[in-house]
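No value in this document is a laboratory result; all are computed from the given coordinates. These numbers come from a predicted model, not from an experiment. Neighbour counts are summed over all protein chains in view; Cβ atoms, including those assigned to glycine, are modelled from backbone coordinates with ideal geometry.
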Amino acid sequence: MTLSRFDLFSPERLDEAVALLKEKGKDTFVMAGGTDLLIKRRHQVIHPRTIVSLKKISGLNRISFRSGKGLTIGATALLGDVARHRTVLRIYPAIAKAAGNTANVQIRNMGTVVGNLCNASPAADNAPALLAMNAALNIVGPQGKRVLPLEDFFLGPGFTALQPAEIVTSVFVPMPLSGSGATYLHLSARGRIDCSAASTGVALTLKGPRIDKLRIFIGACGPTPLRMPKTEKILINQKLTKTLAVRAGLQASKESKPISDVRANEDYRSKMVAVLVRRAILEANKLARDNK
Ligand SMILES: Cc1cc2nc3c(=O)[nH]c(=O)nc-3n(C[C@H](O)[C@H](O)[C@H](O)COP(=O)(O)OP(=O)(O)OC[C@H]3O[C@@H](n4cnc5c(N)ncnc54)[C@H](O)[C@@H]3O)c2cc1C
């Protein structure tokens, strides 16, 4: 097997990176940790002629939090750094859990949360919790800067709403309101070293005993991470009971669009969506009660 050669650029400024992406054009790829990109090259899924690494751009690895505003995770912040970041663990435990449950320790010390999103795998472990928490992406490109809700980012397996020569500089997550709780749950056939066969991210806010705001997403059970509007409708303005959580789980199973592949078959995935969503809603509701 002969792999094509590529030129590697490691610019120190974002504008240089964008200019390079624009100048080199076709078969030019952005690289953060390379844990997806270089494997795709090895398997000849892609044939890069140019790779633009983001690693030397200062500030892109920052994880910062502003009280009253939210959390910003830079494009080269490692999965491992997000998973063990004290503020992320305290205020955004679902996001820390998703990052800490992605792959193994070696990959978490190379790969990034933003790379996980940009790879656009339907099973990306970091997507459901970030989507549930209403995250948005900061993007820079030849036309300047823009902000895109993460919900509008995923177009299909491996496809995103990024335009040519655009780079995601960070993902922003608003600060949770008081009385909020968020969870991430997932299942994979071989535990930690495998991508998820089914996953869910749930974020809710209580008003008194009732669910006032709610976002439910599932992963690995559709061409992109999917929002579950009919399931949300069952729960909104309701006081959560176990019976209601079971009903919601079954509805999520109906709304999911799983396929059979190497990780799990369609029937198993569909049944597991019901279990994961039921458990995640109950867990998020408990966290929300504790956060009042
Ligand atoms: C052994 C192994 C186990 C794994 N297990 C899991 C798992 O359990 N769960 C899981 O979800 N994933 C898993 N992965 C996949 C991978 O490790 C993650 O998706 C990782 O987070 C990718 O991050 P990265 O920084 O390495 O991305 P890269 O490989 O650098 O990039 C991935 C893609 O995103 C693009 N990209 C990266 N950053 C940007 C940016 N800032 N702007 C625009 N485009 C960008 C690249 O061009 C590329 O197409 C696994 C991979 C391996 C090799």
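Hey, for a label at residue 22 modelled as a point 7 Å past Cα toward Cβ, could you say which residues of the range 152-192 have their backbone N under 14 Å away?
163-167
Fewest first, what order do 45, 173 take by the number of other Cβ atoms within 10 Å? Write down the numbers at each step before the final one.
On the way: 45 11, 173 25.
Result, fewest neighbours first: 45, 173.
Report the equivalent ellipsoid semi-axes for the chain in whole Å, largest first, defined as the square roots of five times the eigenvalues of the gyration tensor built from alpha carbon atoms.
Values: eigenvalues 222, 94, 48 Å².
Listed largest to smallest, the semi-axes of the chain are 33, 22, 16 Å.
Would you tally the net charge around residue 82, using a Cβ to Cβ cut-off of less than 11 Å, leaving residue 82 out, and scoring K and R as +1, D and E as -1?
+2
Among 137, 170, 203, which residue has its Cα furthest toward the positive end of the charge dipole of the chain, with +1 on Lys/Arg Cβ and -1 on Asp/Glu Cβ?
Going by the charge dipole, the pick is 203.
Collect residues whose amide H, placed 1.01 Å from N in the peptide plane, falls under 5 Å from the amide H of residue 197; neighbours closer than 5 in sequence don't count.
Counting only residues 5 or more places away or on other chains, the set is 187, 188, 189.
Exposure proxy check: 268, 92 ranked by fewest other beta carbons within 10 Å?
Taking fewest neighbouring Cβ atoms as first place, the list is 268, 92.
Can you give me the angle between helix 266-290 and the longest principal axis of the chain, using Cα atoms only, in degrees from 0 to 90, rounded to the nearest 10?
Once rounded, one gets 70 degrees.
Among the lysines, which have Cα under 25 Å from the Cα of residue 292 when same-chain residues fewer than 8 positions away are ignored?
69, 97, 207, 213, 233, 239, 242
Which FRET efficiency value, to the nearest 0.05, do you get for residue 39 and residue 87 by plugging their Cβ-Cβ distance into 1/(1 + (r/R0)^6) with R0 = 35 Å?
0.65
Apply the Karplus curve 6.51 cos²θ - 1.76 cosθ + 1.60, θ = phi - 60°, to the phi angles in the range 3-16 and return the couplings in whole Hz, x for Gly and Pro.
With coefficients 6.51, -1.76 and 1.60, one gets 8, 5, 7, 9, 8, 10, 10, 10, x, 9, 10, 4, 5, 5 Hz.
Once every DSSP H run of n ≥ 4 in the chain is given -39500 (n - 2.57) and the sum is divided by its residues, what mean residue ellipticity at 222 nm do you get, rounded to the nearest 500 deg cm²/dmol?
-9500 deg cm²/dmol
Would you kindly derive the ³J(HN,Hα) couplings of the range 48-61 from the backbone phi angles with the Karplus curve 6.51 cos²θ - 1.76 cosθ + 1.60 (θ = phi - 60°), listing them in order in whole Hz, with x for Gly and Pro?
x, 9, 9, 10, 10, 7, 8, 4, 8, 7, 6, x, 6, 8
Just grab the label-to-label distance for residue 159 and residue 233, each label 7 Å out from Cα along the Cβ direction, in nm (one decimal).
Taking the two extended label points, one gets 2.7 nm.
What order, most packed first, do the peptides 176-189, 31-44 have when packing is the mean number of other Cβ atoms within 10 Å of each residue?
Averaged packing, sorted descending, gives the order 176-189, 31-44.
Can you give the local net charge around residue 271? Use residues other than it whose beta-carbon is closer than 15 angstrom to its beta-carbon, Lys and Arg +1, Asp and Glu -1.
Neighbourhood net charge equals +3.
Going by C-beta contacts inside 10 Å, put 130, 89 in order with the fewest on the left. Numbers along the way, then the final one.
On the way: 130 33, 89 15.
So the residues, fewest neighbours to most, are 89, 130.
So what is the relative contact order for the chain, in percent, with contacts set as C-alpha pairs under 8 Å and at least six apart? Don't skip to the end; give the middle numbers.
Details: 683 pairs, mean separation 44.8, N = 292.
Reported relative contact order: 15 percent.
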